[in-house]
Amino acid sequence: MGIIHSDIFSFSPMKSQSHRYLLVTLFIALLFVLWAQIPALRDPFQIEEDVRNLPWMWSLTDSTLFSRSPFIQGKIFLISLGNMQWPYIIDNPVYGLLIQLGSYFVSPLTLVKLIPIPLTLLVAYYAFRLGQTAVTNRFAVIFSLTFVALNLTLHTEVSVIAGLQRSFVSLFVLVLAYYLLSGHFGRAALTLFFAATIYVPILPVCGLTYLFSCIDWRNQNNLSWQRRINWRAISWLFFICVVILIFMFPLFQEQLMPSNPAPQTPISESSTTSTAQTHPWENPRFSLKGPKPLFIFFPFIGRGGIASGPSVGILIGLFAFFLIASYPLLKKQFQKPPVVLQQILYASIIVYILSWLIFFITSRFLLYIPSRHTQTTLFIVLLFMTLQNAVPAFKAWVDWISRHRQKAALFIFILTLLGLVVIIWQIFRQGLTFPSAIVAGLLLLLAVISWQLFKERTATSKTETPTFDLPRWGQILLLFFILLLAFSYIRFASPPFHNPTPDEREMYEYLQSLPKDALISGHPCSLDGVPIFAQRNILFNCEEYGYADPQSVSATLVAYYNDNPEQILAYCHEYGVDYLIVDTEKWLTHDRIVAGNFFYEPYASALQPDLIAQSQFALASINPEQYLFTAGSLFIIPCTEIAFD
């Protein structure tokens, strides 16, 4: 491969300086993650939204909590080891052990916010080692830091920033790729064990990749099939599969032979609620009005697409567009990724297809939702390929622009026009934001530079190859600008954390004073933060309603919007509810019923005709003297006859 002289992106090997490159990479990665995470660390109530689904963490510090919450109790059982008892988390036992050990030093919520710091350093380390082994030291720095910077700003289903189980996926993919590329099959097999015990949905992709690596597909020596297989690597795979099967047996048993008709494990969270449905889009939970839309932009973005969220999907699309557009210009110069990354790509596509196929056969996503198998792997592989081909592609594009001025002018015009359309659409949706301003500036800069480049090439020979030599001060200035842009992008483009209002914070503090065995109800979405912030039992919330008995969901909504106090009391007695949380502005409004957005489908459509006829709500007429707590539009009452007198 050629060397681009005096360029910060030059790929000349410099093995003797590998440790220096690595230390610089880790230091900058540390600054990146601290810059992104400090706001959440300073505020105990700022968390990633899906952390609200992990109240079981508090059970590891106090076993008396959540005694009346079947959703939480169903995730944990105690293993007796002599006089000690180890809480075993069915879905992710090693992650649970990590939380339990860390909780001896800090609270579980603080621990979850601290996890991204060492996790980011590990991701940066293995991304560097992968790039170093496959290409060069300088490429390793670029790949590692680019991946970390982009990863910290992506949706938390891909990013490490949440500190959740799925936050480890990028690490597992990078570690597996590095060890397989280096021939360390024992370490790669150990990676499979941690993948299974921390976030089991990534196991099929990782396992299939490992299996692909055990076979010499090119067969350059014309060997028989038996001799093309690495039997020692296969033995490692067999051994680790047995260990995983034993260690994760409770989860696999629950998946294949569920003991409870309402699934309680995350791997089956996408199970349909009706076996009569043959298509996922027939399930209202997966519709655009449901809590977990299967497709936002069919068929690419959504839980059933190749990426769950737009941020990941757009980047994957940009990388793919760049590579497709550059390939005809580069041709033989086009650089393919290492074989192991190609195998990861093939494995993720195969598992994605299998996930859909199994769903259509069983009406359940037994291999979990499809996007989880492709979004992280595609992002890593395509980013690697994009950075590999960035410099030669840029040179080829500049040369093509200089030779085809009219086509180049049309291309720049279309690109700028598309950018303006995107920015205008963004402004109409959210107003002018810093990211949209950055994108506008970059598009304008690209247009100006491209125009200038091919204008300056007017008198140049068509056979001359352009050069891009930068002096040392220019390289330093460019690096400074790139780092400044990266820090700005990380802070302003990072996914927003859940941040309760001051009234909600007061409410959570009050709820902690209630008995630990109290059962709380209200509008399900008003209860989302109660288990994680107040550590109290709830009947169910908007995060758990898919696991709840449909009759109890309907009964809760009917009681909440009822005009008859006696029916509310009957509801409390039937379900053992002790306290009700009421929000008179956010949820207890007639406008929500009219608009049909008072809850998710199919309940909204089913209950709207009955609720819309009610002109007043009993909960809105409670005597303020009966309030146990009030802050803003929130109040709490005991579900007793006295409260409704």
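Work out the FRET efficiency for residue 491 and residue 27 from their Cβ-Cβ distance, taking R0 = 30 Å, and round it to the nearest 0.05. About 0.95, to the nearest 0.05.
Divided by 2.2 N^0.38 Å, where N counts the residues, the Cα radius of gyration of segment 39-179 comes to 1.21.
Backbone phi angles across segment 49-60, fed through the Karplus curve with coefficients 6.51, -1.76 and 1.60 (θ = phi - 60°), yield HN-Hα couplings of 3, 6, 5, 4, 7, 10, x, 4, 4, 5, 5, 6 Hz in residue order; Gly and Pro are listed as x. Tally Lys/Arg at +1 and Asp/Glu at -1 over every other residue whose Cβ is under 11 Å from the Cβ of residue 524; what's the total? Here the count lands on -3. Here the spin labels are modelled as points 7 Å beyond Cα on the Cα-Cβ line, and at residue 390 and residue 597 they lie 4.0 nm apart.
Extension gain for the segment residue 361 to residue 613, taken as residue separation times 0.36 nm less the Cα-Cα distance, is 86.5 nm to one decimal.
Please sort 174-181, 391-398 by packing, taking for each peptide the average over its residues of neighbouring beta carbons within 10 angstrom, highest first. Spell out each step's value before the answer.
Working: 174-181: 25.2, 391-398: 18.5.
For the peptides 174-181, 391-398, the packing ranking is 174-181, 391-398.
Segment residue 243..residue 49, full-extension length gain: 66.5 nm, with 0.36 nm per residue of separation and the alpha-carbon distance subtracted.
Kindly rank 582-589, 106-113 from highest to lowest mean number of other beta carbons found within 10 Å of each residue. Can you show the working numbers first?
Working: 582-589: 17.1, 106-113: 18.9.
Order by mean packing, descending: 106-113, 582-589.
Label-to-label distance, residue 349 versus residue 133, with points set 7 angstrom from Cα along the beta-carbon direction: 2.4 nm.
In terms of its C-alpha gyration tensor, segment 146-210 comes out oblate, because a/c is 1.5 or above while a/b does not outweigh b/c. For segment 343-355, 3J(HN,Hα) computed residue by residue from phi via the Karplus equation (6.51, -1.76, 1.60; θ = phi - 60°) reads 5, 4, 4, 4, 4, 5, 5, 5, 5, 4, 5, 4, 4 Hz, glycine and proline entered as x.
Provide the packing ranking of 567-576, 141-150, i.e. peptides ordered by the mean count of other C-beta atoms within 10 Å per residue, highest first. Could the numbers behind the result be given before it?
Details: 567-576: 16.2, 141-150: 22.9.
Packing proxy ranking, top to bottom: 141-150, 567-576.
If R0 is 25 Å, what FRET efficiency do you get for residue 552 and residue 518 from their C-beta distance, rounded to 0.05? Using R0 = 25 Å, I get an efficiency of 0.90.
Between residue 77 and 88, 90, the built amide H atoms are under 5 Å apart, and every one of these is 5 or more places off in sequence or on another chain.
Rounded to 0.05, the FRET efficiency of the residue 510 and residue 41 pair, given R0 = 22 Å and the Cβ-Cβ distance, is 0.30. Pairs with C-alpha atoms separated by more than 26 Å, drawn from the list 75/113; 75/586; 75/292; 75/516, are 75/586.
If you add up the charges near residue 213, with Lys and Arg at +1 and Asp and Glu at -1, over every other residue whose beta carbon is less than 13 angstrom from its beta carbon, what do you get?
On the way: positive: 187, 218, 228, 232; negative: 216.
Surrounding charge for residue 213 is +3.
For residue 515, neighbours were defined as the other residues whose beta-carbon sits under 15 Å from its Cβ, and their charges (Lys and Arg +1, Asp and Glu -1) total 0. Take the Cα of residue 342, step 7 Å toward its Cβ, do the same at residue 98, and the gap between the two points is 3.2 nm.
Quick one: grab the alpha carbon gyration tensor of segment 540-608, order the square roots of its eigenvalues as a ≥ b ≥ c, and give me rounded if a/c is under 1.5, else prolate or oblate depending on whether a/b is larger than b/c. Oblate. From the Cα gyration tensor of segment 313-420, with a ≥ b ≥ c the square roots of its eigenvalues, which class applies: rounded if a/c is under 1.5, or else prolate if a/b is larger than b/c, or else oblate? Because a/c hits 1.5 or more and a/b exceeds b/c, segment 313-420 counts as prolate.
A short reminder: the numbers here are calculations on the coordinates, not readings from a lab. No experiment lies behind these values; they were computed from the predicted model shown. Every residue, glycine as well, gets a Cβ built from its backbone with ideal geometry; the counts of neighbours run over all protein chains shown.
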